[in-house]
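One structure is given below, encoded as structure tokens.
A short reminder: the numbers here are calculations on the coordinates, not readings from a lab. Note that this is a predicted model, so its numbers are computed, not measured. Positions of Cβ are generated from backbone atoms using ideal geometry, with glycine treated the same way; all protein chains shown enter the neighbour counts.
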Amino acid sequence: MTGSPAAARRRGCFFHGCLVGAVGLLLVLGGLLVALHYTWKTMLRFTDSQPAELPAALLSRSEKNQLKRRCAAFEAALREQRPAPALTLSADEINALIADDPRLQGFKGKVYVHLAGGQLQSQLSVPLEEAGWPQLKGRYLNGTATFRLSFQNGALAIRPQTIRVKGRPLPEIYMRAIRKWNLAAEAARQPQVGALLQELADIRVRDSQLTLEPQRKP
């Protein structure tokens, strides 16, 4: 005995609804797969499987030794809370410190600094895993970048603002995530570096120099 016409209609509506829902789900999943495939292909186009070789620091041995003495004297004055003039560093001096200072190893091989006017710029070679994309382990972002440097209450942040890769700007969809990455975070977590940062009133880029301004004690 067959069911009533009303029951058949209810089953028809139910089956039709399931079919429409299944088709809709497949369309959504298909769209997600296409988006993921596009994202992956785009990231492969903008990244490399090997880090870029950045330039070597340009200072001579005697210039490096003089730089180390200046920095050591400045740090000693901060630790002992003695008055000290601001420490100014050129791009060449910053790159020499990155190459030689163990506390700055988090920057080594990843950035080569340029200072242009009031702007911090860099050649860049960053493992994307460290920039917050563990799924892209083994891929490197090699290019040039401008950074926003901010310093407040002993907290230093150096965040990428624009990045050019292979002559093209990195798409904004990726820059929104990359701008959250603080290049100074690893160094600032070291106790010695963190203690020194607490003794500074300001860190700024001006006239193609990086200036570290100590707090003025009463």
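Among Lys64/Lys166; Lys68/Lys166; Lys64/Lys180; Lys110/Lys166, which pairs are too far apart, with a Cα-Cα distance over 27 Å? The pairs that break the limit, which is 27 Å between Cα atoms, are Lys64/Lys166; Lys68/Lys166; Lys64/Lys180. With a Förster radius of 30 Å applied to the C-beta separation of Arg206 and Glu129, the computed FRET efficiency comes to 0.30. Of the residues Ile94, Leu104, Phe147, the one whose Cα sits farthest toward the positive end of the charge dipole of the stretch 93-169, with +1 on the Cβ of Lys and Arg and -1 on the Cβ of Asp and Glu, is Phe147. Close amide H pairs (under 5 Å, H built 1.01 Å from N) link Leu200 with Gln215, residues at least 5 positions away or on another chain. Taken over the stretch 54-97, the ratio of Cα radius of gyration to 2.2 N^0.38 Å equals 1.28. To the nearest 0.05, how large is the calculated FRET efficiency for Ala77 and Gln190 if R₀ is 22 Å and r is the Cβ-Cβ distance? With a Förster radius of 22 Å, E is 0.65. Other residues lying with their Cβ under 14 Å from the Cβ of Gly132 contribute a combined charge of +3, Lys and Arg counting +1, Asp and Glu -1.
Calculated FRET efficiency, Leu44 to Thr146, Cβ-Cβ distance, R0 = 22 Å: about 0.35 to the nearest 0.05.
Ranked highest first by the average count of other Cβ atoms within 10 Å around their residues, in what order do 91-101, 108-118 fall? It would help to have the intermediate numbers written out before the result.
Working: 91-101: 19.8, 108-118: 17.4.
Ranking, from highest mean packing down: 91-101, 108-118.
The alpha carbon centroids of the stretch 55-115 and the stretch 137-206 are separated by 18 Å. In plain terms, the C-alpha convex hull of the stretch 71-192 casts an average shadow of 8.7 nm² when viewed from every direction. Checking the cross-link filter: which aspartates and glutamates have an alpha carbon closer than 19 Å to that of Lys108, excluding same-chain neighbours under 8 positions apart? Those aspartates and glutamates meeting the cut-off are Asp48, Glu53, Asp92, Glu93, Asp100, Glu129, Glu130, Glu186. Sequentially through the stretch 159-172, phi angles give Karplus couplings (6.51, -1.76, 1.60; θ = phi - 60°) of 10, x, 10, 9, 9, 10, 10, 6, x, 10, x, 5, x, 4 Hz, Gly and Pro residues having no value and appearing as x.
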